[in-house]
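Take a look at the structure below.
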Amino acid sequence: MKIFVNGKEVEINENERNLLEALKNVGIEIPNLCYLSETSIYGACRMCLVELDGQITTSCTLKPYEGMRIKTSTPEIYEIRRGILELILASHNRDCTTCDRNGSCKLQRYAEEFGIRRVRFQNIEKPAVKDDSSPIIRDNSKCILCGDCIRVCEEVQGVGVIEFAGRGFNSQVATAFDTPLGKTECVFCGQCVANCPTGALTMKNDVDELYRALESEKIVVGMIAPAVRAAIQEELGMNEDLALAERLAAFLRTIGFSKVFDVSFAADLVAYEEAHEFYERLKNNERLPQFTSCCPAWVKFVEQFYPEYIDNLSTVKSPQQALGAIVKKIYSRKLGVNPDDIFLVSFMPCTAKKFESEREEHKGDVDLVLTTKELAQVIKSSGVNLKKMTPEPFDRPYGISSQGGLAFGKAGGVLGCVVSVLDEEIGVVKEEVREINKGVNLVEIELKDGTSFKALGIFGLGNAKDILENIDDKDISIIEVMACNFGCVGGGGQPYPNDSSVRKQRAKILKDTVGIKTLLTPVENYYMIKLYQEDLKDEKLKHEVLHTNYKPRRRVEETEFEILPVPDEDKIKVKVCLGTSCYSKGSYNILEKVVDYVKKEDMEGKIEVVGTFCTENCGASPNVVVNDKLISDATFEKVLKELEKNVKR
Amino acid sequence: MFKNPLEALSYIEKQIELRKEKKNKVAIYVCVGTGCSAKGALKVYEEFEKHLSENDFELHKLEENEGIELKKTGCCGRCSSGPLVKVLPYGYFYSDVKPEDVSEIIEKTVKNGEVVERLLLTDPITGKKESRLEDTTLFKNQDFYIMEEIGDSECDTIEDYMGRGGYTSLIKVLSGMSADDVIETIKKSGLRGRGGGGFPTGLKWEFTKKSQGLKKFVVCNGDEGDPGAFMNRTLLERDPHLVLEGMIIAGYAVGASKGYAYIRAEYPVAVKMFKKAIEDARKLGLLGDNILGTGFNFDLEVKEGAGAFVCGEETALLASIEGKRGMPKPKPPFPAQSGLWGYPTLINNVETFANVPRIIRDGVENYRKRGTENSPGTKMFSVAGPVKVTGIIEVEFGTTLREIIYDICGGLVEGEEFKAVQIGGPSGACLSEEFLDMPLDYDTLKAADAMVGSGGIVVITKKTCMVEVARFFLDFTKRESCGKCIPCREGTMQAYKILEKFTNGEATYEDLENLEYLSKVIKTASLCGLGKTAPNPILSTLKLFKDEYIAHIEGKCPSGSCTAFKKYIINPQMCKGCGLCARSCPQNAISGKRGEPFEIDQEKCVKCGLCVTKCPFKAISIA
């Protein structure tokens, strides 16, 4: 399609989503602060203005047509863009030097490009929330309300934990009831961080902890995830370096790491274990489809929103936690040291991994998780030029991996690796991959033993949600889900910018790195096989080291109000939900009646009455819990019946 | 439930007869619109009820012989004079009626047909008391077309609406007109959107009809949010069926099967009336499945708005109906292409829908007799400010501001001098004296950089500072901005801050420059109508009253209303030194010796003006 841009003929692709994208693809980048290709068009920043037939309009909402004549930069447009930038800056926290996004902030970049040296408007501070309760740090004083985070969270990830609250100038991005993010249903995928144009959403920085560990007596051991090596180059002015992981290993040793292992080794192990687990389930037709469990954001997503599917999750740990357990439980014995003497640092492309390492079941295995971004900071502040570092191999015994293990860093990697194990062990006769949607691949597989099944490879939790809501194909037996678009290469801990085009480039680098690996499948991994044969002979130990469990999660933290407290352990406990929905349907009346009953029947000291918020069963409110029994659509009579049953006992 | 249009028509004819009869009988109509209700109309109504149920021999005799009806009527537009009571068949129209006046009305008017002089409305123009609303100049100078039969139309019964010929238009449409016929009629009538923009209604209907969609919706925008505007409320309260009928016809024309009436929750009476209207219409088979046996299905639901001004913007309103945060979306796509839940949606203002049954009833030619070539029909305006009569008026398009202010509203109250009118609410503009004789219609207003808006007219006098007017409106828009786009969210706040500097006497010429620049940015770059029109109060005052802005920079507020420029001084000749002012001053800014003239310390003075009210000798004044 031909259009005229600033008087010059320009050939653009047919069927582009809008003028903004069309021009970007031919090298004209219209300034914008709220446009994301992956989400719905928002049109709020008003920066992407163009002139069409004398009218000024936004290019993100404009559909190109043949012969269209537009101007992208007129004095009027320039003036308006400047004005908009100044307006944002007037109420923006401009502490750029101490901002996590110093140097990678889009607003900062535009301020520089537009030569803004003075803001004509009054500096008005906004009331701002600061929240550091999770691996994702929120600082609303730097928020420009572009809504990118909200749309990514809701539309791409299907989580929707943040929304706008307040009106006009007092608008803010907020969680429900301003709950700290760490206590919400946020899965910490960090896609909001990846897409935030400013420093309003950043990843938690734990670099200081690394230095404290290096200073201590502890043996500091490192492990590097596959996707880190494909992305960290961007921060270090390097490009397509296929020996980057080995350079990183060499660097870490220079700053005091005793050992540096490769998480890809653990990926081999996990895929091997998961393939066997899957084959068992397939044969017995139980807990299918099996869900992969490498992605901690996905795991929390299931626990949070789809507890009914918890049994479908593979019980195999993620590579990070499997290697963590191996280092602490097996490797420490080999070294003859106490597990606590080892300080294990995991370098990850991911914010959710920080959360994963702190899960109750895993606590103490991995001591510190640093993101790619943080690792880059360590390298940069050391003054070392990584380019000049001679590559060194990872340490044995957890230092080598197959192509399959390394491919974990991009979407489809886990599934591919599991299938490669099945191919080695049973034999795959047919394998057909088909993209059914962006981010959803369907694989049809036939095994030598005659069984055939379908598998799905999904990226984006929103895609996963759609599949879970509409899953009806019984043949789908295994589903890989990576929370982030394009898999771990697009993780929330990766450098900025972290958009689709950058992610595709990282996937390419990782693919090339995978390509030069000699081992094809985990089965060929000598050290892994040896680990099974020697260290994991004991089934119990193997289970403890390689497997884990999951639990359903509440979305709202429960708060109890004492009404008739009973200190004794031995009591009947009545919890009446006083959440909005239950309250409006009369739960307070039930509460009053219960209190009257307890007093009248002289049961004080035996029956405890508390108010609670909330039972998360609003659809069937009012809700009352007697001991552990939930009474939904409750009436006082129903509660009384249950109470009397308990009293008799 | 009517099985076919004929059945409905004969029922309507019966109602017309009944209503004619009723108008010859004794009937008491109490206005229960929000204005009158707020002033105690319901108590008046109850008092009438009590009297009628009491053991009053004469009354019972009257009732037996001729029948006495006690009715609630919808808003008559004269809210400032409420509660209003009209007694038929005499047509006596009483204002400011209190419950204690009821027995006198019963004794004199109801029983004996005599008028209660003291309760009559004073004609603001002639200054004479008039016994009937119809006899007043303010009534004669208006054209009650949408508000037909003002004062004695019942607002809460479908029968009364039918008695006024209501629903005949719908029957006409359903028993012989195709959807295209209806659209063609609306197009030819020249009806334009009454919500402010003035977009041709027929075109909007045509676009919606032509849009492809599995289903379609009709939405009535009743989220009237301009400060001081209450035309839509009046209409919904006094004649909900008129709007309803318009919506059903629209549903038929565009092929919708479901409609929503989005009415702000702050209008509880309107919500109640409209809900009842829906129920009554449904019972008679005028809403629901297979309407009048014609196979046309259409049903309606009321959605209450939660009080955000921005939800008057159509895309924000639709988001609100969907249960989302009320924030506008970029257009295109227009609602006609992709509206509620992505389906083609027709959205019109309350008053626009109210015009539809009239057009069908009277035909294009008759409809176009009112108004101008490009703005046919009438328009309801709400008039506020220091004029003798405030409230709702209805005039033909093409009426001048002078006619409205002087011939209908009786001119300005004593001691006030005309300076400007603000028309169209926060999105509107200020017009100075030179525009008084400009005929009001969509195009002339647009040419004058103003807009009809929803129809609010505020009269501004010489005592009012125009910079303060702009500041007031920006204070409103900055609070009501949804916060989505930067120019509106940040820009209105900054514009407000600059205006505040003006009224505080801190502004510089650079501020004036910045204000002009900022207004341009907001106007050109904002996402929705609210933002694009938000600087209008600034731009119009800058255009016509720039001297006032400059005066503020130079240290003077010409109208003398901005506190910051006021300086209170004590005239030593008049001061008797009583010290009353000093004792009442909250800032201890006044001091002096008893018996000698006191003085005000200007540093300490906060210009509250309390001393002026306390001084028994009128010795304190503003310099």
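The values are calculated or read from the model by the stated rules, or taken from the named source; none is laboratory data. Remember, predicted model here, so these are calculated numbers, not experimental data. All Cβ positions, glycine included, derive from the backbone under ideal geometry; neighbour counts span all protein chains shown. Remember, those area values only see protein heavy atoms, side chains included, never the ligands or the DNA or RNA. Shrake-Rupley method; radii C 1.70, N 1.55, O 1.52, S 1.80 Å.
Summary table
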item: Residues satisfying the stated conditions in the range B:177-211, i.e. charged (D, E, K, R), part of a loop (DSSP other than H, G, I, E, B) and surrounded by fewer than 21 Cβ atoms within 10 Å (Cβ to Cβ); result: none
item: Spans of helices (runs of 4 or more DSSP H) in the range B:516-572 with at least 1 residues within 14 Å of chain A (Cβ to nearest Cβ) and at negative phi; result: B:529-533
item: Lone unmet requirement of (1) part of a loop (DSSP other than H, G, I, E, B); (2) free of Cβ contacts under 8 Å to residues at least 40 places away in the same chain for A:Tyr496; result: (2)
item: Qualifying residue in the range A:204-225 (condition: under 26 Å from A:Glu303 (Cβ atoms), surrounded by fewer than 24 Cβ atoms within 10 Å (Cβ to Cβ), out of contact with any helix residue (DSSP H, G or I) (no Cβ under 9 Å at 6 or more places or on another chain) and in contact (Cβ under 8 Å) with a residue 40 or more places away in the chain); result: no
item: Members of the range B:432-491 found to be part of a loop (DSSP other than H, G, I, E, B), in contact with a helix residue (DSSP H, G or I) (Cβ under 7 Å, 6 or more places away or on another chain), more than 14 Å from chain A (Cβ to nearest Cβ) and crowded, with 20+ Cβ neighbours inside 10 Å, listed by number; result: B:Leu440, B:Ala450, B:Met451, B:Val452, B:Gly453, B:Ser454, B:Gly455, B:Cys465
item: Flag if A:Asp367 is over 24 Å from the mean Cα position of the chain (by Cα) and acidic (Asp, Glu); result: no
item: Residue in the range A:31-65 that is nearest to the other protein chains (Cβ to nearest Cβ), counting only those that are of a type outside the set (D, E, K, R) and surrounded by fewer than 18 Cβ atoms within 10 Å (Cβ to Cβ); result: A:Ile56
item: Some residue of the range B:316-337 being touching a residue at least 60 places away in the same chain (Cβ under 8 Å) and among the aromatic types (Phe, Trp, Tyr); result: yes
item: The range A:125-179, residues that are of a type in the set (Ser, Thr, Tyr) and away from chain B (no Cβ under 14 Å); result: A:Ser133, A:Ser134, A:Ser141, A:Thr175, A:Thr179
item: The range A:258-270: number of residues that are surrounded by 24 or more Cβ atoms within 10 Å (Cβ to Cβ) and either touching a strand residue (DSSP E or B) at 6+ places or on another chain (Cβ under 7 Å) or under 13 Å from A:Ile478 (Cα atoms) (or both); result: 5
item: Complete set of residues in the range B:29-51 that are within 18 Å of B:Leu88 (Cα to Cα) and free of Cβ contacts under 8 Å to residues at least 24 places away in the same chain; result: B:Glu49
item: Condition met for B:Arg358 (open to solvent by 30 Å² or more (accessible area, probe 1.4 Å), closer than 12 Å to B:Ile146 by Cα and more than 14 Å from chain A (Cβ to nearest Cβ)); result: no
item: Selection count, the range A:450-470, where residues are open to solvent by 50 Å² or more (accessible area, probe 1.4 Å), of a type outside the set (Gly, Ala, Ser) and without any contact (Cβ under 8 Å) to a residue 60 or more places away in the chain; result: 2
item: Residue within the range A:103-126 that is within 19 Å of A:Ala44 (Cβ to Cβ), open to solvent by less than 20 Å² (accessible area, probe 1.4 Å) and without any contact (Cβ under 8 Å) to a residue 12 or more places away in the chain present; result: no
item: Single residue of the range A:78-100 satisfying the filter (under 14 Å from A:Ile124 (Cα atoms) and touching a residue at least 24 places away in the same chain (Cβ under 8 Å)) that is surrounded by the fewest Cβ atoms within 10 Å (Cβ to Cβ); result: A:Asn93
item: Subset tally (residues that are closer than 17 Å to A:Phe636 by Cα and either surrounded by fewer than 16 Cβ atoms within 10 Å (Cβ to Cβ) or charged (D, E, K, R) (or both)) for the range A:564-587; result: 5
item: Residue identified as within 26 Å of A:Ser264 (Cα to Cα) and aliphatic (A, V, I, L, M) among A:Val419, A:Val429; result: A:Val419
item: Hits in the range A:1-30 (condition: over 17 Å from A:Leu52 (Cβ atoms) and of a type outside the set (Lys, Arg)); result: A:Glu11, A:Asn13, A:Glu14, A:Asn15, A:Asn25, A:Val26, A:Gly27, A:Glu29
item: Of the criteria (1) part of a helix (DSSP H, G or I); (2) over 25 Å from B:Glu313 (Cβ atoms), which one B:Val395 fails; result: (1)
item: Any hit, the range A:139-150, residues being within 30 Å of B:Glu500 (Cβ to Cβ), among the basic types (Lys, Arg) and surrounded by fewer than 21 Cβ atoms within 10 Å (Cβ to Cβ); result: no
item: Condition met for B:Phe298 (over 17 Å from B:Asn232 (Cβ atoms) and open to solvent by 50 Å² or more (accessible area, probe 1.4 Å)); result: no
item: Among (1) aliphatic (A, V, I, L, M); (2) closer than 13 Å to A:Arg120 by Cβ; (3) more than 28 Å from the chain's Cα centre (by Cα); (4) within 11 Å of another protein chain (Cβ to nearest Cβ), the one test that B:Ala495 misses; result: (3)
item: Restricting the range A:182-200 to residues that are in contact with a Cys (Cβ under 9 Å, 6 or more places away or on another chain) and not in a loop (DSSP other than H, G, I, E, B), the residue that is farthest from A:Val369 (Cα to Cα); result: A:Asn195
item: Contacts under 6 angstrom Cβ, first residue in the range B:395-407 being farther than 13 Å from B:Ile457 by Cα, partner open to solvent by 10 Å² or more (accessible area, probe 1.4 Å) and hydroxyl-bearing (Ser, Thr, Tyr), 6 or more apart; result: B:Phe397/B:Thr372; B:Gly398/B:Thr372
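For every residue, the table says whether it meets (1) surrounded by 14 or more Cβ atoms within 10 Å (Cβ to Cβ); (2) not charged (D, E, K, R).
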site	(1), (2)
A:Ile436	no, yes
A:Lys448	no, no
A:Asp472	no, no
A:Glu480	yes, no
A:Asn485	yes, yes
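Conditions (1) away from chain B (no Cβ under 11 Å); (2) part of a strand (DSSP E or B); (3) touching a Cys at 6+ places or on another chain (Cβ under 9 Å), marked per residue:
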| residue | (1), (2), (3) |
| --- | --- |
| A:Glu16 | yes, no, no |
| A:Ala22 | yes, no, no |
| A:Glu29 | yes, no, no |
| A:Ile70 | yes, yes, no |
| A:Ile88 | no, no, yes |
| A:Arg101 | yes, no, yes |
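Rundown of residues vs (1) crowded, with 18+ Cβ neighbours inside 10 Å; (2) among the hydrophobic types (A, V, I, L, M, F, W, C), yes/no style:
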residue: B:Ser519; (1), (2): yes, no
residue: B:Lys523; (1), (2): yes, no
residue: B:Thr533; (1), (2): yes, no
residue: B:Leu539; (1), (2): yes, yes
residue: B:Leu542; (1), (2): yes, yes
residue: B:Tyr549; (1), (2): yes, no
residue: B:Cys557; (1), (2): yes, yes
residue: B:Lys566; (1), (2): no, no
residue: B:Gln587; (1), (2): no, no
